[in-house]
Every structure is written in structure tokens, then in C-alpha cells.
1. When region A:235-250 is examined, which residues are found to be over 25 Å from the mean Cα position of the chain (by Cα) and buried (at least 18 other Cβ atoms within 10 Å of the Cβ)?
2. Which one of these does residue B:127 not meet: (1) more than 24 Å from the chain's Cα centre (by Cα); (2) more than 10 Å from every other protein chain (Cβ to nearest Cβ)?
3. May I ask you to list the residues in region B:98-117 that are surrounded by fewer than 18 Cβ atoms within 10 Å (Cβ to Cβ) and away from chain A (no Cβ under 11 Å)?
4. Return the residue satisfying two criteria in turn: it lies in region A:303-342 and is away from chain B (no Cβ under 13 Å) and on the phi > 0 side of the Ramachandran plot, and of such residues it is surrounded by the most Cβ atoms within 10 Å (Cβ to Cβ).
5. Take region A:159-184 and flag every residue that is over 22 Å from residue A:271 (Cα atoms), without any contact (Cβ under 8 Å) to a residue 60 or more places away in the chain and assigned to a loop (DSSP other than H, G, I, E, B).
6. Is it true that some residue in region A:415-422 is assigned to a strand (DSSP E or B), within 11 Å of chain B (Cβ to nearest Cβ) and without any contact (Cβ under 8 Å) to a residue 40 or more places away in the chain?
7. Which ones in region A:67-86 are more than 23 Å from residue A:52 (Cβ to Cβ) and surrounded by 13 or more Cβ atoms within 10 Å (Cβ to Cβ)?
8. Hey, among B:387, B:365, which residue is more than 14 Å from chain A (Cβ to nearest Cβ), under 30 Å from residue B:91 (Cα atoms) and surrounded by fewer than 23 Cβ atoms within 10 Å (Cβ to Cβ)?
């Protein structure tokens, strides 16, 4: 199974001799992200990174000292853009201690350096303008822990569905494990056996420690005779069990019991302390062994690729409520419509969406857009239409479970190019909304634009407003520009700023609103 | 002649082996479109032998040629995509459109330009809530005899209902209006009709359900899980909210020592006396034996083309990747009946299923999220009768003092008249809030007499005692057919809600 995305890569050298740590970091196409967001190395360990830019934009890889606000650092160079351009967008900042070149699309570079001697979390970031908010990761420098001492094994034969009481059984064979790493020899018995490993574990100081175990079939770890982690039964080794416990400084009895019924043989054990990183106690390393962050389930990505016609994805989209309809338009421009608020919920550019969260296992949770420059123009799942005599008033807030009164969702139809037109009613008015796109959302200078056409027939209530934006907008060159790190521009005839609201008086007829990511 | 006898000699050991399910019902696994994972969630029939498949990934595929004896004749056309999980698909012969039950909406799909792809997606009804919880599945029916669609709505998780009508069955009238119809639903797995058009759904083992159940959706009833009853004020047509069942229950013998006049209140049979809207499960789909995750309900309306079980129900199971067979009867106005194992060995967890007029059962599903015995991540399959009649219990009827069992073929009177060849065990499940539960309150009754009918097609068992509310597990291990064959399935589980 390939699990290349967003994983923390553990330097496999851990408790053995310190070999160089080798990593590959790739940029994700049209997502403004690195594929690897966490690296784990030991102090002073030689590090080799192959940095591959598979995206259509330039990117670099810049390592900074712990605590660096990388986004602020990258932003600061915009104060003197000419100088920054000369430096190829590499900030002149003493906190940078290693970096790649600014790679053009589809270039790669190998970086070689020695990891800092000081333990800590060292951020890395792309410093090309506008990338630092999402394109970043961390290199964690932490020493490896000790391994077991005096490790012995006892092999038992038997057919079990759960771990037997080994104390009542006679071992078939016993011996010493030379390299002190828990292991199962695949050239020995293949089915219907059990192994008990016993050895010494030395806690470097009094404190809290965590133990990790994954096995196929069952296993458990006991420390000083007390069961700590249990992974009993017949199953694959896909789930890592873990449990913490306090230990006194010094020697402790380690015992690992394992049994194999039939099929695959796998056995992984590790521990972690306050001062050392997750350190394998087994010869084999679990394929998704990743520090402390194992609870989050990860799946191979299923990016929905937009080709020559829009792709529709109705599911739980983060920021679009529970009745979200994602539309990926050709050309790297995407929206999420809410069939709950009857409003445009999100706009973003680049890649559309990754369906793997919903199309794996039970499919729970809300999935954020896969692309970048995500903007929620008018707040979370809030209608655009609202009756108020004060257009600077607060619009209703979303409460899941309560439907907005006066609205009824009618559905959508697709035109010949399969662009959807959304339909709903609000009180006595029928509303149709269509979105078209211009420009290229995948290019930094593509001026991607969304043109929203709102057709209202029937009667509007008095004092009805249609909100098209919230936030700090300023009127500039016939448009309204959102102040902030990511320039975003809204244009609409008759629009006005009312406090934090950007509104149009709502009447029967047609409104045209353009949303544009400005340069 | 010599050659023939050699041939017979070679065949002899095979012929002596006990018959297996595949001798009578064969399955065909179809290749599915490479560009998708065809996680079938719902199936309906369309004109010209076509099928509509709705999937968990939100696609609707129109399948041609699946009825052909050559599975390579099957072809697929993507009719729609991007829907939020299609766990109900219904073809409406009146307007010739497909209706999809999705997570938060029933959608009418039209193909206006006739290119084989839907281009209009109309909201027929979306009047139930979704909180964003993964568990809030919406399982939709086909059109019932009145032209209504039914949708059963899973609770928010296993216990509670955080937004309107989670834990309810709703009916959507042809004009799109919604009628709250039954409360008390926990986790529906499938919905379907019997031969008379009565509506049933399968619920899953969990709180208030010791096992998966087949439940009769009688309008106005409370189906057993009180989690959704907070919405009665939104359903004035349903009358007053039922009183809540008692959440605590005694399992096993622990409570037996206490004197409990009138019996345990935490048994379905007792709570029925207290909660007037409560309807008991028509059939307990005994946990671990019949299945662990009941789903599609398929009625045999093929008039014999699927073998001897006309008008019976076939219940699919996602976890066990199998079909079980249910015979129902009405006693004192309540549906009850028996479930038998029927056909195992499907390739993945079965979720959707439908039989065509020719008696071909189409099933499909996926193992995603819960795992399934089949082993494949998803499948689309066909199950057909080979034309050979299996020796099976055909029907099982409750009688005031026992049961009558009928057989698909005449029995060997000697074995069928021998009391030693029958055994019975009775048990029930606690009706309680806690998840699942054991088979409890076991009674081993006496089978005092058996009388085989003259035609050898039925046997009348006299049993003492019969226990109202208990599952009556009948084993017929030694009963042989007149031809000397053992029963293909030697056990049935009869849920005795009422003693006639």
C-alpha cells in the first residue's frame, strides 16, 4: 500500500547505528502543499532529501530555526519585492539554516545536510509569494531511545485463536536473540506457533513512557509482569495499539507474547519516552509508524480529477455544511454550493477534492477542499438573502439541525456543457443561480474569475438584501477588494459596503457578481 | 457397457456427498466498470431488462444484459454521479424517471436530452435533518402500491437523534409531501415489500436490538428504539409520544432469583403490553447464525422461476455475505415467521438486492466500514435457481400447541415420524438500551408428538411449552426426503410473537 501523502516519515535508523536519513519530499499538483509534512531525525544525523517539484508553480524548501513564524517571514519580503525577486524569493533571514533553490515546475534537487544537534521542531516552508500559509512542514529532531537487553525467546507450538497461557506450556525451543530486537524468523515455523520474548528494558529516568504494538496474529506486551498493550486475537497488523505508563528509572522486565495461527506473520513493537522519539524494539518497522499521530486514519488519496466538464461531489465538505455540493470546473476553479443555505459556501482554486475520506471505511467527517486559496465569501452556511432595514446587521448564523425559514431547495439542472444551475425559492420568489468561470486557477497569474448570475422572478419581500461578501472590503477601481494576505476582488452592479457586509438590494431581475483572485 | 459402469464407479463418491447450496442456486459474479469501485447500495429494475444500480460513491449506473446467461454480455452506462450516497433507487414507470434516496434528499433524475446521462436533478423531498454524523444513513424504498416512496433514517450514531426524524420511517407522497410514518428505527439496512405490498425494513443489532431484525412498518407504530421519539411534536399525525421502554434489563439468570410478578418488564413481550404503539420484530435474524448486518429485502414474485419459495422473502446480510429466507404469517394481527439460512458465499458484503420477473436475484454491495465474509471490497452478482428443487423446510406455521412444517419435497415417513430427529430450543433477547445482547431465558421444550401428513409434504409437531415472544429454534437433523437426502438447511428460527 502506498501511503505517500502527508505522512510523517520516520528515519528507519532509529535505535541502530546512525545511518543517514533519506527522504523524498514532493510538491502536490495544484494544492499548495508538500506531500510530506513531518520528518523525524536524530540529532547530528546526516540527512539526504530529494526534493521534487511536480507542480506547475515554482517552489522551494526552506528550513528554519524552531519557533520561526514562517508565514510572517515569507510575507515580510513583499515589503521590498524587487529585492526579493533578485534573491529568487529566498528571505534574507538569519533563522534560515538550510534551503533548496527555487525549483521551476518539474525540477528536482538533492539536499544534503547534518541535522541540528539540538533537539526541537524545525519548520520548513515554501517562500514563494502566497505559498507559506499552506505549504509547510516540520522536521522533528529527537534522539532515539535504547533497545532491549539480554533478549531471549521461547518458541511454543500449538493452534490457538487467542494467546494461550504460556506459563502452562512447555517450550519447544529456547534461545538468545543476538541483536536484541524482537523478531520472527520467516524461514522457521510458518503456522500454529507462539513465541515469548523476555528481556530487560532500561528506563533512562523516572517518567512517562509509551509502548506500541502491532501484530498478525495476536500479541501483548507486559512490563514488570503487568500487561500494558494487548493486540490479541486473529487479525492483520494494520492497527497499532499503544498505551502509556510511568516507569521508575532503571531496569524493568520486558515480556512480549506472540502467536501465529495461519497466514501472514507480522510483529512490531516500539517505545517512546519524553526525551527520545519512537524507537522500535522489533526488527521490523511498521509501515505506518509515525510518532504520536497514529489515531488519525489515513487513506490513499482519491483526488477527483476535473477534465473537460465540471465534476460534482455532493458530500460533507468542510465549510459547506451538511448539504454541500462541490463543483470542480475545468481550469482549476472550484465552488461549494450549500443546499441548506441556498448560497455559495466556498470558492477555491487548484485541485478539486479528495474523496478518500468518504470513500474509505465508514466515510465519516467533513473533507476540506484539495486546492488552495479557499475563501468562504459570506460566512459559514448562511443564506445570501435576508430581510433587514439595516444592511450592516448580522445575518442569521448557521445552527445545524435548524433549517432556514422561507427557503426551499429545488435542485439543479446541467446545461450542454454540464454546468449546473441551482434552483430554490425564497418566500414568493424563484431563484436560479449559475456560475461560469474565466481564467486559469492553476496558474499564479491566471486571474481566475467566477461569474455568478442570480436570476430572481416573483416578488421579493421589502427590505430584502443579497449579501455577496463579508469582511473588510474597500472600494477600488470599480470593485471591492478584501484586505488581507490573499487579494480577493468582488464586482457587482449596485453593491455597497455596509459595515462588514458587502450587499446588493435584492429585487426581481438579474444580478451578476464576479469573484476574482487578484494578483 | 463396460465404460458406463466405470463412469458410474467414478461418480459414486460424488453422488454420495451431501448436497450443497450451489447445486440448487448458482451465483455469477459480474465484472464491473474499471473506472469506479461499484459499491452497490441499491438496485431497481428498469424497462427492457435493464437495471439501475445506486452506489455508496454516489453514482447511478444503468446495466444492460445482466439477465443474459452469458455474463460477458453485461454492459454499464454511467447515468449520474456526484450524489451523496445512493442507498435507495426507484424507477417510476409513470414518469419514466429514476428516484434516488441519498443522504439528505430524494432526487428525481431526468434525462431531458436523451443522451443516457441525467441532466436534471430535482429535489423531491429533503425534509429530514443531517448533522454530519457518518451514521445517519438514509435507506430508500422502491415505489409502494400507492405510489409512495419510503425512507428509513438511521439515528445519529446508535443512541440518539440530534436532528429531525433521525430514527424514523417517512413516506414521500407522489406530490412530494412527507408523512412521518413510524418511529423507533435504529440502524436500517434495507427496506422492501412482501407479496401483498406490506412494507418491511431490516434493523441492525445494537441498542434495543439483541440481534438484527426484520420489522413490519405499520404506519403509526413504534419500532422499538426510543432515541428518535423526541420528534413526535413534529408528527401530529402519529398521535402522542409512546412511553419509553425500560432501558435496564436483566441478562441471563441474574434476575431470575427475584420474584418478578408478571415477568421481566425488559422483555419485548412485556413491554408490548405497556407501550401500545410498540410493534415487535416480525423475525429475529439470529445474531451470528443468520447474519450480523441485515440489509436488502427481496420478495420472490417470480411465480416459481426462483424455485419453490414463491412469495417468500430473502434477506441479505452485509457482514455474512449471504441471503437468508423468511416465511411470514399473520397471527392475531401481528406479522411473525421463520428464518432459514439460504445461500452463502457472495463475493462481498451485500447491501442492495432485487429480483426480476424471471426469478433472477441481483445483489451487490461492499465490505467498506464493517468488513464482510465475502472478501472482495465490492461486488455485483446474480443468483439463479438451477432448476433442481432443494429438499428444504418450505414453510413453518405456528399452531396453538406446536408447529406445522411443510417441505419442498415429500419426506421419508420413517425419519420424519421419528421424534429423535427433531429438537427445539427457545430463547429471547433482552429488550434493553445496551448494545446487542445474548440469547437468554433459554427453555428446552418437549416435543411430544410428530405426525407426518399422508402426502409426506408436512409434519405436525406438538410442543410444550410454546413461549410467547421467544425465538423457537427448530433442528431437523435426521429428517430425510423420500429420496433419502438430508435437508439442505437443518435449522430454522421462528419468532413467536403470538400464539394462535
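The values are calculated or read from the model by the stated rules, or taken from the named source; none is laboratory data. Bear in mind that the values here come from a model prediction, so they are computed numbers and not experimental data. Heads up, the Cβs are rebuilt from the backbone with ideal geometry, glycines too, and the neighbour counts pull from every protein chain shown.
1. Of everything in region A:235-250, just one residue is over 25 Å from the mean Cα position of the chain (by Cα) and buried (at least 18 other Cβ atoms within 10 Å of the Cβ), namely A:247.
2. (2)
3. Taking region B:98-117 first, the residues surrounded by fewer than 18 Cβ atoms within 10 Å (Cβ to Cβ) are B:110-117.
Once the filter is applied, which keeps residues that are surrounded by fewer than 18 Cβ atoms within 10 Å (Cβ to Cβ) and away from chain A (no Cβ under 11 Å), region B:98-117 yields B:114, B:116.
4. Among those residues, the one meeting the criterion is A:332.
5. The answer is A:165, A:169, A:170, A:171, A:172.
6. Taking region A:415-422 and keeping what is assigned to a strand (DSSP E or B), we get A:420-422.
Still in the list and also within 11 Å of chain B (Cβ to nearest Cβ): A:420-422.
Those left that are additionally without any contact (Cβ under 8 Å) to a residue 40 or more places away in the chain: A:421.
Among the residues of region A:415-422, at least one is assigned to a strand (DSSP E or B), within 11 Å of chain B (Cβ to nearest Cβ) and without any contact (Cβ under 8 Å) to a residue 40 or more places away in the chain, which makes the answer yes.
7. Let us first name the residues in region A:67-86 that are more than 23 Å from residue A:52 (Cβ to Cβ), namely A:67-69, A:71-73, A:75-86.
Once the filter is applied, which keeps residues that are more than 23 Å from residue A:52 (Cβ to Cβ) and surrounded by 13 or more Cβ atoms within 10 Å (Cβ to Cβ), region A:67-86 yields A:68, A:69, A:71, A:73, A:75, A:76, A:77, A:84.
8. Values: B:365 fails: surrounded by fewer than 23 Cβ atoms within 10 Å (Cβ to Cβ).
Being more than 14 Å from chain A (Cβ to nearest Cβ), under 30 Å from residue B:91 (Cα atoms) and surrounded by fewer than 23 Cβ atoms within 10 Å (Cβ to Cβ) holds for just one of B:387, B:365, which is B:387.
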